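The values are calculated or read from the model by the stated rules, or taken from the named source; none is laboratory data. Given the structure is predicted, the values throughout are model-derived calculations rather than measurements. Cβ atoms come from the backbone with ideal geometry, glycine included; neighbour counts cover every protein chain shown.
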């Protein structure tokens, strides 16, 4: 998106930040399926019915939470104008959001199915599908954003369409895997989809709402910072968007460890194995903190190399954006270790179904102190 210019990058950053605010809350609800299924498997290794019902109620929840999010994002331009953003940027961001919002439901469905295969200790399929989706997203952006293969250039709208199509492919791909792969097929995840299980649905909400709260407190503090940057000028917003995207990419490793340690701790907890809980937790913690320390060093030593992936370093018009992005990366580097540590420990506690106290700490840390 940076290749379309600083203004387009700034508008995309505004739209993306508004998009992630409700998306991340719903994501927390979906993530509750992972510790529930891991604990069920730890308690009873072949609990086919329990897993099927948890997946079904997770997909129900995905549909229900997507509806208000769609309505909110459809009026994204009005929301941004009410926040005092520049009208020209708010207009572009609003157009972007009307294409991007259709990624919400398939993304949630993918998260539920990924939790299922991860609980069965077969996450490789999710990795393959994500790699394919990333490649498809790059291809779709090339086609729709810049107008290739006979398609008219859509600009920022094309990026939203590309993401929605990629999310749909992710869900469709993983749905095909769980229906066709021998180890997953016997669970009949989509059979009798209309049947309710209200106690399990309430259990998902009870476990998922604090997780949603933790993620909302964490992500919205960064979203708020981006919106404040938009009140300064487009260059500051674009530079902030670059720095945050780089930090977000490095965060993917502790985020993956978060999901892995949730499953490993959940399995050990369900089996009544405290040594397994401790071993899984400490292993993930050491890996996560070590990786983030390395990434912080890279951000300080080679900032221009990282920034070049998002914006043309040779264009004089981008000089101020680049200078600001370099300074922002220094601050991003400083919180890498702590961000990795909290992500992994949150996953450990989630595997133990301990989510309420971490939510309180998140509220105090991000919005009380931050």
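Of all residues in the range 166-176, those satisfying the criterion of being surrounded by fewer than 21 Cβ atoms within 10 Å (Cβ to Cβ) and either farther than 25 Å from residue 351 by Cα or free of Cβ contacts under 8 Å to residues at least 60 places away in the same chain (or both) are 168, 169, 172, 173, 176. Exactly one residue out of 94, 84, 15, 26 is touching a helix residue (DSSP H, G or I) at 6+ places or on another chain (Cβ under 9 Å) and outside any helix (DSSP H, G or I), and it is 84.
Within the range 51-90, the set of residues being free of Cβ contacts under 8 Å to residues at least 60 places away in the same chain and under 30 Å from residue 197 (Cβ atoms) comprises 62, 63, 64, 65, 66, 67, 68, 69, 70, 71, 72, 73. Would you check if there is a residue in the range 55-64 being within 30 Å of residue 273 (Cα to Cα), out of contact with any helix residue (DSSP H, G or I) (no Cβ under 9 Å at 6 or more places or on another chain) and part of a helix (DSSP H, G or I)? Looking for residues that are within 30 Å of residue 273 (Cα to Cα), out of contact with any helix residue (DSSP H, G or I) (no Cβ under 9 Å at 6 or more places or on another chain) and part of a helix (DSSP H, G or I), one finds none in the range 55-64, hence no.
Restrict the check to the range 202-213 and report whether at least one residue is in a helix (DSSP H, G or I) and free of Cβ contacts under 8 Å to residues at least 24 places away in the same chain. Yes, the conditions are met somewhere in the range 202-213. For the range 30-48, a residue qualifies if it is in contact (Cβ under 8 Å) with a residue 12 or more places away in the chain, surrounded by fewer than 24 Cβ atoms within 10 Å (Cβ to Cβ) and more than 10 Å from residue 270 (Cα to Cα), and exactly one does: 48. Contact map, the range 326-341: first residue under 16 Å from residue 281 (Cα atoms), second residue assigned to a loop (DSSP other than H, G, I, E, B) and at pLDDT 90 or above, Cβ cut-off under 7 Å, separation 6 or more or different chains; the map is empty. Exactly one residue among 216, 268 is buried (at least 18 other Cβ atoms within 10 Å of the Cβ), farther than 30 Å from residue 15 by Cα and touching a helix residue (DSSP H, G or I) at 6+ places or on another chain (Cβ under 9 Å), and that residue is 268. The residue list 71, 112, 130 contains one member that is surrounded by fewer than 19 Cβ atoms within 10 Å (Cβ to Cβ), assigned to a helix (DSSP H, G or I) and at pLDDT 95 or above, which is 71.
Of the residues making up the range 284-314, those that are in contact with a helix residue (DSSP H, G or I) (Cβ under 8 Å, 6 or more places away or on another chain) and either in a helix (DSSP H, G or I) or over 24 Å from residue 219 (Cβ atoms) (or both) number 20.
A quick yes/no check of all residues on (1) exposed (fewer than 13 other Cβ atoms within 10 Å of the Cβ); (2) touching a helix residue (DSSP H, G or I) at 6+ places or on another chain (Cβ under 7 Å); (3) over 13 Å from residue 246 (Cβ atoms):
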| residue | (1), (2), (3) |
| --- | --- |
| 328 | no, yes, no |
| 331 | yes, no, no |
| 352 | no, yes, yes |
| 355 | no, yes, yes |
| 364 | yes, no, yes |
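Looking for something under 22 Å from the mean Cα position of the chain (by Cα) and either surrounded by fewer than 15 Cβ atoms within 10 Å (Cβ to Cβ) or in contact (Cβ under 8 Å) with a residue 40 or more places away in the chain (or both) - is there at least one such residue anywhere in the range 309-317? Looking through the range 309-317, at least one residue is under 22 Å from the mean Cα position of the chain (by Cα) and either surrounded by fewer than 15 Cβ atoms within 10 Å (Cβ to Cβ) or in contact (Cβ under 8 Å) with a residue 40 or more places away in the chain (or both).
For the range 224-232, the criterion of being over 30 Å from residue 316 (Cβ atoms), modelled with pLDDT under 85 and either in contact with a strand residue (DSSP E or B) (Cβ under 7 Å, 6 or more places away or on another chain) or not in a helix (DSSP H, G or I) (or both) is satisfied by no residue at all. Does residue 82 qualify as being at pLDDT below 95, closer than 16 Å to residue 22 by Cβ and exposed (fewer than 14 other Cβ atoms within 10 Å of the Cβ)? Spelling it out, residue 82 is indeed at pLDDT below 95, closer than 16 Å to residue 22 by Cβ and exposed (fewer than 14 other Cβ atoms within 10 Å of the Cβ). You will find that of 61, 9, the residue that is modelled with pLDDT of 90 or more and over 14 Å from residue 100 (Cβ atoms) is 61 and no other.
Would you call residue 278 surrounded by fewer than 23 Cβ atoms within 10 Å (Cβ to Cβ), within 20 Å of residue 348 (Cβ to Cβ) and either in contact with a strand residue (DSSP E or B) (Cβ under 8 Å, 6 or more places away or on another chain) or free of Cβ contacts under 8 Å to residues at least 12 places away in the same chain (or both)? Against the criterion (surrounded by fewer than 23 Cβ atoms within 10 Å (Cβ to Cβ), within 20 Å of residue 348 (Cβ to Cβ) and either in contact with a strand residue (DSSP E or B) (Cβ under 8 Å, 6 or more places away or on another chain) or free of Cβ contacts under 8 Å to residues at least 12 places away in the same chain (or both)), residue 278 qualifies.
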